[in-house]
Every structure is written in structure tokens, then in C-alpha cells.
Amino acid sequence: MHFDERTEGDYRIYAGAVEGPCGDGYIAAVVVSRMTGPNGSGPVAYRDDSIACGHRWPSPEAALTHALARAREVIYRERHRLAC
């Protein structure tokens, strides 16, 4: 598993790349949380455990890049998908 964390405005992005079950690439996943608590944690606003219906990327870096891009797209262009 490979992880990356970023802050975008009022949201914290947690991106992950998990190796496919047959070693056939990496699946991207992302969780976006609204930073409301004193330690920066908050409720989950968006989650996608299998971005692009489980598409396999050739490297963990490519999967993480796509997961971060998807989170930014939801935060800035698809706000209606955010739960909070």
C-alpha cells in the first residue's frame, strides 16, 4: 500500500494506491475529510474506494496522482458530491 496526504482549502485528502489482487497494477482510492476539529480531523465528506471502477494504473505514483486529481475535482468542481 502507498499513501499520500494533502490539504486543499478546508479539506484533507487521503489518497491510497493498493496493488491489484493479481499483481496487475494499482487501484486508486481517496477519502476527503472536512477539517473541523482542533487537530485538523473531521467528518468524511467524500470517499471512493475504487476510482474509475477499479482501473489498474501501472505504478503507485500514477494511481496516487489520479486519486489526488479526483479529490480536487470533487472539491472544486463537484461540490454537490461532498457530504459536508
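Key figures
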item: Residue match in the range 7-30 (condition: loosely packed, with under 11 Cβ neighbours inside 10 Å, in contact (Cβ under 8 Å) with a residue 40 or more places away in the chain and not in a strand (DSSP E or B)); result: yes
item: Long-range neighbours under 6 Å by Cβ, at least six apart or interchain, first residue open to solvent by 90 Å² or more (accessible area, probe 1.4 Å) within the range 48-63, second assigned to a loop (DSSP other than H, G, I, E, B); result: PRO58/GLY25
item: Index of the failed condition, LEU68 passing every other in (1) assigned to a helix (DSSP H, G or I); (2) surrounded by fewer than 17 Cβ atoms within 10 Å (Cβ to Cβ); result: (2)
item: Number of the exception - ARG81 against (1) modelled with pLDDT under 95; (2) closer than 15 Å to ALA29 by Cβ; result: (2)
item: Residue, modelled with the highest pLDDT, within the range 31-47, restricted to residues that are open to solvent by 60 Å² or more (accessible area, probe 1.4 Å), outside any loop (DSSP other than H, G, I, E, B) and out of contact with any Cys (no Cβ under 6 Å at 6 or more places or on another chain); result: ARG47
item: Residue within the range 73-82 that is among the hydroxyl-bearing types (Ser, Thr, Tyr), in a strand (DSSP E or B) and either touching a strand residue (DSSP E or B) at 6+ places or on another chain (Cβ under 8 Å) or open to solvent by 10 Å² or more (accessible area, probe 1.4 Å) (or both) present; result: no
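The values are calculated or read from the model by the stated rules, or taken from the named source; none is laboratory data. Note that the structure is a prediction, hence the values are computed from the model and not measured. Because the Cβ atoms are built from the backbone with ideal geometry, glycine has one as well, and the counts that use them run over all protein chains shown. Note: areas computed on protein heavy atoms with side chains; ligands, DNA, RNA excluded. Shrake-Rupley method; radii C 1.70, N 1.55, O 1.52, S 1.80 Å.
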